[in-house]
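Asker: Structure in structure tokens, see below.
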Amino acid sequence: MRLNSLNLLNYRNLREVSIELSPKINCLIGRNGMGKTNLLDAVYYLSFCKSTVTVADNSNIMHDEPFFMLQGNYVSDSGIEEEISCGLKRGEKKQFKRNKKAYSRLSEHIGSVPLVLVSPADNELIAGGGEERRRFMDVVISQYDKEYLAALIKYNRALQQRNVMLRAEHAPDAEVISLIEEMMETEAVSIHDGRKRFVEELVPIFSEFHSAITGGGEQVSLRYRSHLNDASLCDLLQASRADDRNLGYTSKGVHRDELVMQLGGYPIRKEGSQGQNKSFLVALKLAQFDFLRRKGGELPLLLLDDIFDKLDSCRVEQIVNLVSGDGFGQIFITDVNREHIDMILERMNSSYRLFEVEGGNVELIKEFVK
């Protein structure tokens, strides 16, 4: 998939942007706070129907404006043109359209425009709670497996119902809560199997990328941990009902799954330096890209937001060599350093467009066509 042009109005600090993009490399330079990340966020929004910056959609509307609008004109790997657009007025429901036809459910769009984002926020995959790592698995799998996404939605709905019953003043009706638990188990099996297969397939790809970036001098590992590895969910839920009622929430299930990340046999959050953590995360995201590519769908867009900070020149060079290969398609790169970007572009030796972002304005300042 390739994004040919992007148009937007009133998106965060970007008042009005209309740009034509390179089919290969698009670089955005500018000082922090000028809008580089917001522009990438707009591209991300058109893929996932939501922002990476904020949960509340209204927060993406520029201050003192009544709405925002996003429009992307894409071309598929087979040459089919697609228009994806989204509009949101304050206090109203957002309208998401594909080729001017509105979706009945936003989940129908997920996977249509595959995308991988690498950004400083990825550090939460290491430093944050388990929900961050579960979200990583869910975002990847949902882009190629619609049944998985449907199971995830149904499971979370049933989980919410069980939690409401646990917090009720009166003890839950045994028959009703058993029915809900059976619904949870049906969907949990699909989720568990999907995550287990994903991690098993991802590990060798991740190890290969990490070795290429670091020179193979660091021992790293990924492992999937789940309550369902050892028992059925219904058995676990029935056994924990009394404890869960005291807690006020469901303590067992795939919503407590974990993706265990280790460096040298120990948790990377305790052992890794800033450079080691960043190398681990970049390798993980590039593995995500390659995993999606191998699934045989559209080639994902790759967004690299300020990823070269805190990496030595050798690791930067290895990353650049990797993403400039034939296995990668359209790439977006942001950086505050023009000299840094020029060095990267010279090494990539590919067609590019270089944009400067200043105060929410985006201007094309250089172009090279190979």
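Asker: Quick one: order His63, His109 by neighbouring beta-carbon count within 10 Å, fewest to most. Intermediate results must be reported in sequence, preceding the final value.
Answerer: Details: His63 8, His109 18.
Lowest to highest Cβ neighbour count: His63, His109.
Asker: Which residue, Gln143, Gln274, Gln71, tops the fluctuation ranking in a GNM of the chain built on C-alpha contacts under 10 Å?
Answerer: Between Gln143, Gln274, Gln71, it is Gln274 that shows the largest mean-square fluctuation.
Asker: Okay, moving on. Semi-axes of the equivalent ellipsoid for segment 274-339, please: Cα gyration tensor eigenvalues, times 5, square-rooted, ordered largest first, whole Å.
Answerer: Here the semi-axes work out to 21, 14, 10 Å.
Asker: Return, ordered by residue number, the residues of segment 285-324 whose backbone nitrogen is under 16 Å from a label point located 7 Å along Cα→Cβ of Val139.
Answerer: It comes to 285-293, 300-307, nothing else.
Asker: Same structure, new question: Would you mind telling me which residue in Asp309, Asp235, Asp57 has the biggest mean-square fluctuation in a Gaussian network model of the chain, where springs connect alpha carbons within a distance under 10 angstrom?
Answerer: Of the options given, Asp235 has the highest mean-square fluctuation.
Asker: Give Lys24/Lys285; Lys97/Lys370; Lys285/Lys310; Lys36/Lys366 a once-over and call out the pairs whose C-alpha atoms are over 22 Å from each other.
Answerer: Values: Lys24/Lys285 19 Å; Lys97/Lys370 34 Å; Lys285/Lys310 17 Å; Lys36/Lys366 16 Å.
Pairs exceeding 22 Å: Lys97/Lys370.
Asker: For segment 209-310, what does the convex hull of the Cα positions come to per residue, in cubic angstrom? Mind showing how you got there, number by number?
Answerer: Working: hull volume 17.9 nm³, N = 102.
Considering the Cα atoms of segment 209-310, their hull volume per residue is 175 Å³.
Asker: Can you give the charge dipole size of the chain about its Cα centre, rounded to the nearest 20 debye, using +1 on the beta carbon of Lys and Arg and -1 on the beta carbon of Asp and Glu?
Answerer: Working: 47 positive and 54 negative charges, 79 e Å.
Computed about the Cα centre, the dipole is about 380 debye.
Asker: Pick out, in residue order, every one of the GluC sites (Glu not before Pro) in segment 87-187 that is DSSP loop and has at most 15 other C-beta atoms within 10 Å; say none if there are none. Show your work: numbers first, answer last.
Answerer: Values: sites: Glu92, Glu108, Glu124, Glu131, Glu132, Glu147, Glu169, Glu175, Glu181, Glu182, Glu185, Glu187; in loops: Glu92, Glu169.
Those that pass, being in a loop and sparsely packed, are Glu92, Glu169.
Asker: Restricting to DSSP H runs of at least four residues, report the calculated mean residue ellipticity at 222 nm for the chain, -39500 (n - 2.57) per run over all residues, nearest 500 deg cm²/dmol.
Answerer: Details: 11 runs with 154 residues, N = 370.
Computed ellipticity for the chain at 222 nm equals -13500 deg cm²/dmol.
Asker: Give me the extension gain from Lys370 to Asn321: residue separation times 0.36 nm, minus the current Cα-Cα distance, reported in nm with one decimal. All intermediate terms of the calculation are to be shown ahead of the outcome.
Answerer: Values: separation 49, 0.36 × 49 = 17.64 nm, distance 1.74 nm.
The Lys370-Asn321 span can extend by a further 15.9 nm.
Asker: Roughly how many nanometres apart are two label points built 7 Å out from the Cα toward the Cβ at Val75 and Thr54?
Answerer: If labels sit at Val75 and Thr54, their model points lie 3.5 nm apart.
Asker: Once phi is turned into θ = phi - 60°, what whole-Hz ³J(HN,Hα) does the Karplus curve with 6.51, -1.76 and 1.60 give for every residue of segment 246-253, x standing for Gly and Pro?
Answerer: For segment 246-253, the Karplus curve yields 5, 6, x, 7, 8, 8, 10, x Hz.
Asker: Once phi is turned into θ = phi - 60°, what whole-Hz ³J(HN,Hα) does the Karplus curve with 6.51, -1.76 and 1.60 give for every residue of segment 53-70, x standing for Gly and Pro?
Answerer: 8, 9, 7, 7, 4, 4, 5, 7, 7, 4, 3, 6, 10, x, 7, 10, 9, 10
Asker: Can you give me the Kirkwood hydrodynamic radius for segment 129-296, using every pair of distinct Cα atoms, in Å to one decimal?
Answerer: Across segment 129-296, the inverse of the average 1/r is 17.4 Å.
Asker: Ok, one more. Using 0.36 nm per residue, how much length does the chain from Ala171 to Gln95 gain when fully extended, once their Cα-Cα distance is taken away?
Answerer: On the way: separation 76, 0.36 × 76 = 27.36 nm, distance 4.14 nm.
Using 0.36 nm per residue and subtracting the Cα-Cα distance, I get 23.2 nm.
Asker: Using alpha carbon coordinates only, what is the Rg to Rh ratio of the chain, with Rh defined as the Kirkwood radius? Write down the numbers at each step before the final one.
Answerer: Working: Rg = 22.0 Å, Rh = 22.1 Å.
Taking Rh as the inverse mean 1/r over Cα pairs, Rg/Rh reads 0.99.
Asker: Using +1 at the C-beta of Lys and Arg and -1 at the C-beta of Asp and Glu, which of Gln161, Val220, Gln274 has the Cα lying farthest in the positive direction of the dipole of segment 129-296?
Answerer: Gln274
Asker: Taking the Cα atoms of segment 1-80 alone, what are Rg (to one decimal) and Dmax (as a whole number) in Å?
Answerer: Answer for segment 1-80, Rg first and Dmax second: 13.0, 42 Å.
Asker: While we're here: Considering the options Gly35, Pro120, Ile110, tell which one lies farthest towards the positive end of the dipole of segment 1-151, charges being +1 on Lys and Arg and -1 on Asp and Glu at the Cβ, about the Cα centre.
Answerer: Gly35
Asker: What's the local net charge at Pro66, with K and R +1, D and E -1, over the other residues with C-beta under 12 Å away? The partial results should precede the final answer.
Answerer: On the way: positive: Lys89, Arg90; negative: Asp64, Glu65, Glu92.
Residues close to Pro66 contribute a combined charge of -1.
Rule-based calculations on the coordinates, nothing more; no lab input. Just so you know, these numbers come straight off a predicted model, no measurement behind them. Every residue, glycine among them, receives a Cβ derived from its backbone with ideal geometry; neighbour counts consider all protein chains shown.
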